[in-house]
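> Submitted below is the structure of interest, expressed as C-alpha cells.
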Amino acid sequence: MKQTTKTTAIRLPAEEYIEQAYLFEGLKARLSSSEPIQLLLVSIRQEILSTAKLPMAIDYMLAELNHSGSMAIAMQKLSHYFAPFQAWLMDATEDDRGRLDMLTSLAILEHEARHRSEGASPVALFFFQLEVLCRHRLSYDKGLTAMSGDPFYDQAWSKWLLDARKKLGFVDIADLVYVHSECYAKSAGGSVEQPEAILFGEKEGRIALANRRRDPLYLFRALQRQLKYPAVPERPKADPQVNLLPRIAKRMDQLETRMKLLEDEQRDAGIDLSKFFKKGEGMMPAPPDADWD
C-alpha cells in the first residue's frame, strides 16, 4: 500500500475514537471463533452507536472485504475517517511477509484509538507510534511517512517526521528527541545553532539525554514511568499448554521406537536397518576400491 504525505484525514470527535476502540477490541476478542471476519463485523456493527459515522465505515469495509479480502485497502480509501498510520498498520498486518499478527495489531489499534479519544498530545502519540515501530520491528520509512499525515500533528510536526525518517538508522532516537527539546535549548544557550522546531518539553529532553546510545525501548519505558505515557501492547506469548498433548504423544512414539531397537539388539538379532529405508532403496554400495580393513 502506497503512503503519501498528503491526506484528507481530519481529527474526529472523541465519540468516533471511542467507537473505533470498541470495534478493534470486539474483533480481537472474537477472532478465536471460527466465524469469518465479515460476520464478526456485521455482528459488531449492530452494537456501534448509530449516531457515529463508524457504521457507514464498517459497511464500506464489508464491501471491500467481499471484493478484495483486505481491510487495509478499505481503511486507506476511507482516509477522511481512518488516520494514515491506522491504515498502514493494518496493511503491515495483512502482508504475508510481515512480522505483525492480527491479534497484536488489533490490540495496538484499540489502545491508540482509546488514547486519541482522551485527547492525546502530539508528543504522547508520537512516542506511542514510534514504539510500535521499534518493538515490532516495522519499517521506519513507511511508518514515519504515515505518521506525518496524521491529523493530530501540525505542519511543524509533519515536516520534522519526514526529516527524521531520513535520519533514523544513522542518528540515535534519543539524540533526535534531545536536540529538539526545551532541555537542549536551555543547556546550549546561544553557543550553538538552535533547531528549527522545539517539539519536546524539558522533561522529555532530560529523559532522552539519560538514554542516549541505549536500546530505544528503555527510553519508552522511562517516559511511561515518569510521564505516564501509554504503553504499546506486546505480542502475546504462546501458551505452552496448548500443544502439550501432541508433544507428549510424539515423545512417547520416539521412546517406543528406541525401546524396540534396544530389545532387538539384546536378543542378538541385531538391528534391522531395512525398515528405515524407503521402498525401493537400500544401503549405498561401497566403492570397488574401498578399504574395509
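The values are calculated or read from the model by the stated rules, or taken from the named source; none is laboratory data. The structure presented is a predicted model; accordingly, all values stated were derived computationally and were not measured. So basically every Cβ, Gly included, is an ideal-geometry build from the backbone, and we count neighbours across all protein chains shown. Protein only, heavy atoms only, side chains kept; ligands, DNA and RNA dropped before computing areas. Shrake-Rupley method; radii C 1.70, N 1.55, O 1.52, S 1.80 Å.
> When ligands, DNA and RNA are left out and all protein chains stay put, how many square angstrom of accessible area per residue does the range 42-193 have with a 1.4 Å probe?
44 Å²
> Moving on to the next point. With 23 Å as the limit, write out which pairs from LYS28/LYS142; LYS203/LYS228; LYS142/LYS166; LYS142/LYS203; LYS77/LYS142; LYS167/LYS228 have Cα-Cα distances beyond it, or answer none.
LYS28/LYS142; LYS142/LYS203; LYS167/LYS228
> Moving on to the next point. Quick one: length gained pulling GLU265 to GLN46 fully straight, 0.36 nm per residue minus the C-alpha distance?
71.9 nm
> Evaluate E = 1/(1 + (r/R0)^6) for GLN224 and LEU245, where r is the Cβ-Cβ distance and R0 equals 22 Å; express this FRET efficiency to the nearest 0.05.
0.05
> Are there any chymotrypsin sites (Phe, Trp or Tyr not before Pro) in the range 127-174 that are in a DSSP loop and have at most 13 other Cβ atoms within 10 Å? List them by number.
Sparse-neighbourhood loop chymotrypsin sites (Phe, Trp or Tyr not before Pro): PHE170.
> Continuing with this model, one more query. Under a plain spin-label model, where a point goes 7 Å from the Cα along Cα-to-Cβ, how far apart in nm are GLU15 and ASP95?
Here the modelled spin labels are 3.7 nm apart.
> Give, in whole angstrom and from largest to smallest, the semi-axes √(5λ) of the equivalent ellipsoid of the range 129-191, with λ running over the eigenvalues of the Cα gyration tensor.
Taking √(5λ) for each Cα gyration eigenvalue gives 23, 15, 10 Å.
> For the range 6-46, what % of the accessible area comes from carbon and sulfur atoms, probe 1.4 Å?
The nonpolar share, carbon plus sulfur, comes to 56 percent.
> Would you work out the charge dipole size for the range 21-153 about its Cα centre, treating the Cβ of every Lys and Arg as +1 and the Cβ of every Asp and Glu as -1, and quote it to the nearest 20 debye?
100 debye
> Can you list the equivalent-ellipsoid semi-axes of the range 88-163, largest first and in whole Å, using the square root of 5 times each Cα gyration tensor eigenvalue?
So the equivalent ellipsoid measures 21, 16, 9 Å along its semi-axes.
> In the range 69-102, which residues have a backbone nitrogen under 13 Å from the label point lying 7 Å from ARG235's Cα in the Cα-to-Cβ direction?
Residues 93, 97-102 qualify, since their backbone N sits under 13 Å from the label point.
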